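Worksheet: the structure to be examined is printed underneath.
Each value in this text was obtained by applying a stated rule to the coordinates, not by laboratory testing. This one's a predicted model, so the numbers in the text were calculated from it and none came from an experiment. Quick reminder, even Gly has a Cβ in these numbers, built from the backbone with ideal geometry, and neighbours come from all protein chains shown.
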Amino acid sequence: MSDFVTRFAPSPSGLLHKGHAYSALYAFAAAQKAGGCFILRIEDIDTTRCRAPFERAIIEDLHWLGLRWEEPVRRQSDHFDDYKCALKKLENLGVLYRCFLTRREVLSEIVRAPHGVGEVYQGPDTPMSQNEEAKWLARGEAYAWRLSLRAARDVLGPRWAQLQFIEDGTGPNGEHGKIHAQPQRLGDVVLARKDIGTSYHLAVTHDDALQGITHIIRGQDLFESTHIHVLIQALLDMPTPTYRHHRLLLDETGKRLAKRDFASTLQDFRQSGQSAVALQESLRSL
Ligand code: GLU
């Protein structure tokens with residue numbers, strides 16, 4: 001296994017735009033420079049939003065950009081059993097609980113007991129009793145599995161205070177170097193959604209470990225998630241890779257490029273007759 005393994009892990013829920021090209025080229029160049037491996041992983045656990053034609057377009061765009069990767073490409077939707085197994089391990093550790101709240105109820109809980117920034121759910125004041133839970137289950141109520149930070153802290157004991165990662169790039173607030181992981185910044189996150197039986201946090205952590213990723217190179221929008229990924233790694237006895245978060249590309253108005261805004265896609269570039277080299281040059285000047 002190489003000393004340097006990195007990956008680009010797009011979700012085929014739309015076409016790639018310049019921001020994705022920047023990220024993919026950045027990771028590819030880092031792997032080349034280190035004489036390491038570059039892996040492409042298709043993160044399509046959300047089967048309601050991901051589509052095969054987008055996956056085909058992603059592969060075509062990346063080839064057009066001149067990227068090459070190790071085969072076979074891992075497609076997450078082919079491995080739901082793996083994520084189920086990882087979830088089971090966490091359940092056996094006693095760090096998961098069933099959350100029967102609807103999205104609206106979770107939001108009103110967050111408003112009632114606000115912590116940190118954004119949508120951070122810190123879990124129920126008192127866990128649901130087994131009797132109560134049995135009643136909800138008997139009624140066939142839907143639930144999501146959440147990671148209990150309280151229970152995780154108990155399981156890890158003194159290791160909790162030592163959770164950390166190396167940021168080799170820069171976080172959105174200039175974070176760099178050894179970072180103390182603070183899972184509480186994200187609260188009791190969902191590790192298995194009601195509809196898809198896993199979540200981004202679980203699948204990504206599982207696959208990074210399985211594929212021996214040594215360097216995670218990705219946009220700063222995912223920096224905060226690292227606090228939870230490091231905790232999952234500790235609970236599942238997985239190594240913590242080095243993280244290198246990079247800046248996000250902005251449009252002319254200073255807003256982040258996003259699929260939903262129809263940010264100019266790589267397909268548009270290709271079809272308008274521009275070369276991949278021209279695109280790479282335009283990225284360098286941004
Ligand atoms: N699949 C994620 C996305 O498309 C990226 C995951 C990661 O790099 O950790 O935003």
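Alpha carbon centre of segment 161-193 versus segment 37-72: separation in Å?
After rounding, the separation between the Cα centres reads 27 Å.
Relative to the longest principal Cα axis of the chain, at what angle does helix 226-235 sit, 0 to 90 degrees, rounded to 10?
Orientation of helix 226-235: about 60 degrees from the principal axis.
To the nearest 500 deg cm²/dmol, what mean residue ellipticity at 222 nm is calculated for the chain from DSSP H runs of n ≥ 4 alone, each contributing -39,500 (n - 2.57), summed and divided by the residues?
Details: 10 runs with 107 residues, N = 286.
Rounded to the nearest 500, it is -11000 deg cm²/dmol.
Would you work out if segment 1-40 is rounded, prolate or oblate? Take a ≥ b ≥ c from the square roots of the eigenvalues of the alpha-carbon gyration tensor; rounded if a/c is under 1.5, else prolate when a/b is larger than b/c, oblate otherwise. Let's see the in-between values first.
On the way: a/c = 4.98, a/b = 1.96, b/c = 2.54.
Because a/c hits 1.5 or more and a/b fails to exceed b/c, segment 1-40 counts as oblate.
Could you tell me the largest-minus-smallest coordinate of the C-alpha atoms of the chain on each of the three principal axes, in descending order and whole angstroms?
64, 38, 38
Based on the alpha-carbon gyration tensor of segment 133-176 and its eigenvalue square roots a ≥ b ≥ c, which shape applies: rounded if a/c is under 1.5, prolate if not and a/b is larger than b/c, or oblate?
Details: a/c = 5.99, a/b = 2.10, b/c = 2.85.
Cα axes put segment 133-176 in the oblate bin.
Where in segment 137-196 are there trypsin sites (Lys or Arg not before Pro) that are in a DSSP coil and have at most 13 other Cβ atoms within 10 angstrom of their Cβ?
Passing both the DSSP loop test and the Cβ count: ARG139.
If you plug each phi of segment 71-80 into the Karplus form 6.51 cos²θ - 1.76 cosθ + 1.60 with θ = phi - 60°, what whole-Hz ³J(HN,Hα) values come out, in order, with x for Gly and Pro?
Whole-Hz 3J(HN,Hα) from phi for segment 71-80: 10, x, 7, 7, 10, 4, 5, 8, 10, 4.
Using modelled backbone amide H atoms (1.01 Å from N, in-plane), which distant-in-sequence or interchain residues come within less than 5 Å of LEU191's amide H?
Here TRP145, ARG146, LEU147 satisfy the definition.
Just CYS85, CYS50, CYS37 to compare: in a GNM of the chain, with alpha carbon springs under 10 Å, which one fluctuates most?
CYS85
Taking the alpha carbon gyration tensor of segment 26-83, what are the square roots of 5 times its eigenvalues, largest first, to the nearest whole Å?
Working: eigenvalues 110, 45, 14 Å².
Its equivalent ellipsoid spans semi-axes of 23, 15, 8 Å.
I want to check the label-to-label distance for GLU70 and ARG247. Put each point 7 Å from Cα in the C-beta direction and report it in nm to one decimal.
3.1 nm
What list of ³J(HN,Hα) values in whole Hz, one per residue of segment 218-224 in order, does the Karplus curve 6.51 cos²θ - 1.76 cosθ + 1.60 (θ = phi - 60°) give from phi, with Gly and Pro shown as x?
Once θ is set to phi - 60°, the couplings for segment 218-224 become 6, x, 5, 4, 9, 4, 4 Hz.
5 Å is the cut-off here: which amide hydrogens, built 1.01 Å from N in the peptide plane, fall below it relative to HIS17, excluding neighbours closer than 5 in sequence?
LEU266
Only four residue types carry charge here, +1 at the Cβ of Lys and Arg and -1 at the Cβ of Asp and Glu. Report the dipole size of segment 129-286 about the Cα centre in Debye, rounded to the nearest 20. Each step should come with its number before you reach the end.
Values: 19 positive and 19 negative charges, 27 e Å.
Roughly 140 debye, rounded to the nearest 20.
Could you give the length gained by full extension between GLU91 and LEU210, i.e. 0.36 nm per residue of separation minus their alpha carbon distance, to one decimal place?
Working: separation 119, 0.36 × 119 = 42.84 nm, distance 1.97 nm.
Net length gain for the segment: 40.9 nm.
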